[in-house]
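Okay, structure first, notes after.
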Amino acid sequence: MSRQPIKNHHQEQRLFLARVIVLGVVIVLLFTLVAMRLTQLQVVNHSHFATLSQNNRVRLEALPPPRGLIYDRNGVVLAENRPAYQLEVTPEQVGNLQDTLDRLSDLLELEPEEIDRFRRALRGKRPFQAVPLKLNLTDEELANFAVNRHLFPGVDVQARVARHYPHGASLAHVIGYVGRIDEREMARIDTRRYAGTTHIGKLGIERYYEDDLHGQVGFQKVEVNAQGRTLRILEREPPVPGRDLVLSLDVRLQAVAQEALEGMAGAIVAMDPRNGEVLAMVSMPTFDPNLFVHGIPARTFNELRNNRRQPLFNRALSGQYPPGSTLKMLVGLAGLEHGVIRADRMMFAAGYYTLPNDTRRYRDWRRHGHGWVDLDKAITQSSDVYFYDMSFRLGIDRMSEFLGRFGVGEATGIDSTGERRGLLPSREWKRGAHGMPWFPGETLITSIGQGYMLATPVQLASITSTLAMRGQRVRPHLLRGVLGEDGEELHVAEPEFLTPVQVSRPEFWDQVLTPMEHVMHRPNGTAFHSAGRDAPYRIAGKTGTSQVFSLGQDEEYDEGALPRHLWDHALFIGFAPAEDPRIAVAVLVENGGSGGRVSAPVARRVMDYFMLEMTPDAQWYR
Amino acid sequence: MRNGTADEPGLGRAILRALHLDLLLLGGVVLLLAIGFVVLYSASGENIDTLYRQGVRVGVAFMVLLLLAQIPAHHLRQWSPWVYVFGVLLLLAVMFFGEVGKGAQRWLDLGVVRFQPSEFMKIAVPMMVAWYFADRPLPPRFLEVVIAALLVLVPAGLIARQPDLGTALLVAGSGLVIIFLAGVRWRILMALGALAMLAAPVLWHFMQDYQRRRVLTLLNPESDPLGAGYHIIQSKIAIGSGGLYGKGWLNGTQSQLEFLPERSTDFIFAVHAEEFGLMGVLLLLALYLFVIIRGLIIALRAQDTYSRLLAGSLSFTFFIYVLVNTGMVSGLLPVVGVPLPLLSYGGTSMVTLMAAFGILMSIHSHRRLLAR
């Protein structure tokens, strides 16, 4: 290229013009490109970005419904919602999380599980969402933290509503408790209904009536900013609170029953035989259900679980025991119904019984027997030999069928959790369960409520009610009614009557029920000295003592020589007043020894309180 | 428009002429500034203090504009090499004594004011390159092109090292466009283009980590939605959700609820787009185009090579500002820190921009004083 020594202004100007035009075209083109890009974003993809913007801005928050309260029949609160203070951490606002946790541990004694749970909750949380660290702070912890609060930015105390059981251990086995929803429950429940709810009924009434107690979840749409802070509520659908339940229990009677069993392992079920309302249900020993609400520390839980006395075990519903002599009235009734015995016919009851062509001796609990006995005396004194003989003639099939009519071996269907069925042995059952034929001797053992036969205390109470009502059967239940949404009107749950037990002649009932009164009120009755002697009202009862441990052919039962856990279970069933029954009671004391000596007085205390101290008008709610 | 009979229209025009101002350019700039205040009020969360501080800056910048409009272009031309050398020395000073802020060394503390020499270079570099070509016959020879390119790339490189990619880009653009306007032959241009393409991987090698990340984020913003991609994603949501007519002034949820980062500075365009929609955006772009084209017309009408090249460069730099910012905010270009001229909150670029407009007005209004 040759150098041009002189500038050619005209040519340069034309060259510049050409270049500016090129530049101008490029500029316009690039502006067009930007405009097209904006059109693409704002027109073509507008709805996509509008949605994203809306999702950014609006958050749907679940409003958990307040859980329904639980009252006893007089309106005493058994389960309530109360403010609980929990420590929450917003990690975004905390400088060094580990350091903060360490320092909090020094101040508040954090359990390892609490830290584990906190770390699990950290995953999958929204930005700036606070995560609970320690639930249910005590007043002392609250004060401790309040003083040092300035040292912990991003850590706050938050008031939440938590379930509380004011009667604590006394009702643990009835009411049950709520606890944090676990993974298994997560799979079972409708997670939408439980959005925002942290706790669910785990046991007892809390579990059985979960649907009524829980209520309907509400929602609110809130506008949030980029930090996730709520700015205002856009839309709100309030939650529907759970229904308040009124139980048929009377806490005063419950307290008396619990006290009567103090120091023992056992159960009491008291119910109104006329309508099936359970008035008291106690299983001892027991535990504090409030421990479970906030997540029980593993150490405490293991102590409870490994406790030899098994406080977590609900003996009233889940405990299955040989009913012993308490079912002799049923066997007697079966004998009468099938014409195998007559009430007035006597037999000689020696100290033992043998089957034809067999040398094995089936012993009576009284070494030398009861002498000449009729049905009345056989029940009053609880003669085993009388029933051995009768059952031999009745046979297992007829006996089993008749006991089945009372609901033996069949769950009562009470409105709670964990109920077991008990066991009614029969020929078919034994073939199925053991693959063995029925032996005649087993019929004898069954007639005195031993051997394979098992019953739960609530079953025994239900059977007692049926006896008291002369065959009228009603399903035992804990729920008296549901309060209306106004919290005033009580919608009473109708009693559910079952197929009644019918016998061909009504006097058969008198023939087994009158001896039950003699058990209590005649000097030869098995509960006369311990319980019935001075009763100002008539009681019908029956004692039972069931073996935990099989004695050899010629061995004697001797409490002194046996370890406590092999002692007999002490049982008692009864109702009062005998002429117009209003309460039916079943008492079981594990390894208590004699039913007459141990369980009958317990039942008497419960009946006394009910009959003498509870004024009838105070029994009814409002 | 401007001729001997222009005395008639009256006082307004007489004042403009006396102050050496150009009505059309000034009108465009003032309109853009006005829109800026409207959008900034919304973007700042209706903060009057912010508007007040911006007002002070605009006032100062306007003084600079007025001052420069009074200086005839031939004076500027004479000062050009000295201004340039001074600027480069300042850059070196920053490199050795500068203050560190936000991970970059950009500031020079002069006691009274803190000063960003890289801003200064946005004017000094085009002045120098225009000066270099002013007396030489055009189109330039290859060697001249190389020397001019070095004059541009040395300070641009120093600025990129600070690191300040946005300003480096603007400085490089403002200088290189002069080489183009000077009439460099297409063959040389293509050769340089090819060289630049080859240099890209080398450049990649020398980039800072955060700069590379920005480029990668542009290619796939969703790869890091809460980190580097957050800006782009939220900005696109803001723009896209604005739709055709926008959500209305003060009603942009993306900006009002703070989802949009840097909303009163680099991302103010997204606020505008969200609240005023495509219509508002096109109007804004049209206004920018008007100012740019007015600047190019001034360049075409300029009477000597130096003024022509300088005016063309300053107009084009203004265009780069708009293009890079809108491209970045709408996800077409990587996130480089370039404000939206005249709208973004902040003082440093405002003064430089207004200084450039002052020079443009001076070039336009002092024409007749030059002998042909």
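The values are calculated or read from the model by the stated rules, or taken from the named source; none is laboratory data. Here the structure is a predicted model, which means the values were calculated and not measured. Positions of Cβ are generated from backbone atoms using ideal geometry, with glycine treated the same way; all protein chains shown enter the neighbour counts.
Residues being within 20 Å of A:Pro515 (Cβ to Cβ) and in a loop (DSSP other than H, G, I, E, B) are entirely absent from segment A:409-420. Quick test for you: out of B:Glu262, B:Glu258, pick the one residue that is within 11 Å of chain A (Cβ to nearest Cβ) and either in a loop (DSSP other than H, G, I, E, B) or buried (at least 19 other Cβ atoms within 10 Å of the Cβ) (or both). Every option except B:Glu258 fails the conditions. Of the helices (runs of 4 or more DSSP H) lying entirely inside segment A:157-261, those containing at least 3 residues that are not acidic (Asp, Glu) are A:172-175, A:183-188, A:204-208, A:251-260.
Residues that are in a loop (DSSP other than H, G, I, E, B) and surrounded by 16 or more Cβ atoms within 10 Å (Cβ to Cβ) within segment A:422-436 comprise A:Gly422, A:Leu424, A:Pro425, A:Ser426, listed in sequence order. When A:Leu327 is tested against (1) in a loop (DSSP other than H, G, I, E, B); (2) within 30 Å of A:Ser504 (Cα to Cα), only condition (1) is not met. Residues satisfying the criterion are present in segment A:14-27 (criterion: among the charged types (D, E, K, R), over 30 Å from A:Arg207 (Cα atoms), at the interface with another protein chain (Cβ under 7 Å from one of its Cβ atoms) and touching a Gly at 6+ places or on another chain (Cβ under 8 Å)). Looking across A:Ala584, A:Ala578, one residue alone is crowded, with 23+ Cβ neighbours inside 10 Å, on the phi < 0 side of the Ramachandran plot and either at pLDDT 90 or above or touching a Ser or Thr at 6+ places or on another chain (Cβ under 7 Å) (or both). It is A:Ala584. Can you name the residue in segment B:321-343 that is within 10 Å of chain A (Cβ to nearest Cβ) and of a type in the set (Val, Ile, Thr) and is also farthest from the chain's Cα centre (by Cα) among such residues? Step by step, filter segment B:321-343, then rank; the result is B:Val329.
Within segment A:392-415, residues that are outside the structural domain of A:Ile448 (by TED's automatic domain parsing) have Cβ atoms under 7 Å from residues that are buried (at least 19 other Cβ atoms within 10 Å of the Cβ) and in a loop (DSSP other than H, G, I, E, B) in no pair, counting only partners at least 6 apart in sequence or on another chain. Scanning segment A:459-485 for residues that are among the small types (Gly, Ala, Ser) and part of a strand (DSSP E or B) yields a single hit, A:Gly481. Does segment B:236-250 include one or more residues that are assigned to a loop (DSSP other than H, G, I, E, B) and facing another protein chain (nearest Cβ under 7 Å)? Within segment B:236-250, one or more residues are assigned to a loop (DSSP other than H, G, I, E, B) and facing another protein chain (nearest Cβ under 7 Å). Residues in segment B:219-252 that are surrounded by 24 or more Cβ atoms within 10 Å (Cβ to Cβ) and modelled with pLDDT under 80: there are none.
Taken together, A:Phe439, A:Phe387 contain a single residue that is surrounded by fewer than 20 Cβ atoms within 10 Å (Cβ to Cβ) and either at pLDDT below 95 or basic (Lys, Arg) (or both), which is A:Phe439. Only residues that are over 15 Å from B:Lys122 (Cα atoms) and either among the charged types (D, E, K, R) or modelled with pLDDT of 90 or more (or both) were counted in segment B:346-364, giving 4. Is there any pair linking a residue in segment A:317-335 that is closer than 16 Å to A:Ala468 by Cα to one that is in a loop (DSSP other than H, G, I, E, B) and among the hydroxyl-bearing types (Ser, Thr, Tyr), with Cβ under 8 Å and at least six apart or on different chains, and which? Every condition considered, the pairs that remain are A:Lys328/A:Ser382.
Checking each residue of segment A:45-61 against the condition of being more than 10 Å from every other protein chain (Cβ to nearest Cβ) and modelled with pLDDT of 85 or more gives no match. Conditions: (1) modelled with pLDDT of 90 or more; (2) surrounded by fewer than 24 Cβ atoms within 10 Å (Cβ to Cβ); (3) assigned to a loop (DSSP other than H, G, I, E, B). A:Leu336 meets all but one. Number of the miss? Looking at each condition in turn, A:Leu336 falls short on (3). Of A:Ala62, A:Ala18, all but one fail to be among the hydrophobic types (A, V, I, L, M, F, W, C) and under 30 Å from A:Gln220 (Cα atoms); the exception is A:Ala62. Candidates B:Leu300, B:Leu309, B:Leu284: the one that is within 11 Å of chain A (Cβ to nearest Cβ), without any contact (Cβ under 8 Å) to a residue 24 or more places away in the chain and part of a helix (DSSP H, G or I) is B:Leu300. Of the residues examined, A:Leu78 is not one that is over 30 Å from B:Gly243 (Cα atoms), modelled with pLDDT of 90 or more and either facing another protein chain (nearest Cβ under 8 Å) or assigned to a loop (DSSP other than H, G, I, E, B) (or both).
What are the residues in segment B:128-159 that are among the acidic types (Asp, Glu) and either assigned to a loop (DSSP other than H, G, I, E, B) or at the interface with chain A (Cβ under 10 Å from one of its Cβ atoms) (or both), if any? The one that is among the acidic types (Asp, Glu) and either assigned to a loop (DSSP other than H, G, I, E, B) or at the interface with chain A (Cβ under 10 Å from one of its Cβ atoms) (or both): B:Asp135. Checked against the criterion of being in contact (Cβ under 8 Å) with a residue 24 or more places away in the chain and either surrounded by 15 or more Cβ atoms within 10 Å (Cβ to Cβ) or in a loop (DSSP other than H, G, I, E, B) (or both), the candidates B:Leu16, B:Leu26 yield just one match: B:Leu26. For segment A:437-444, the criterion of being of a type in the set (D, E, K, R) and closer than 24 Å to A:Val269 by Cα is met by none of the residues.
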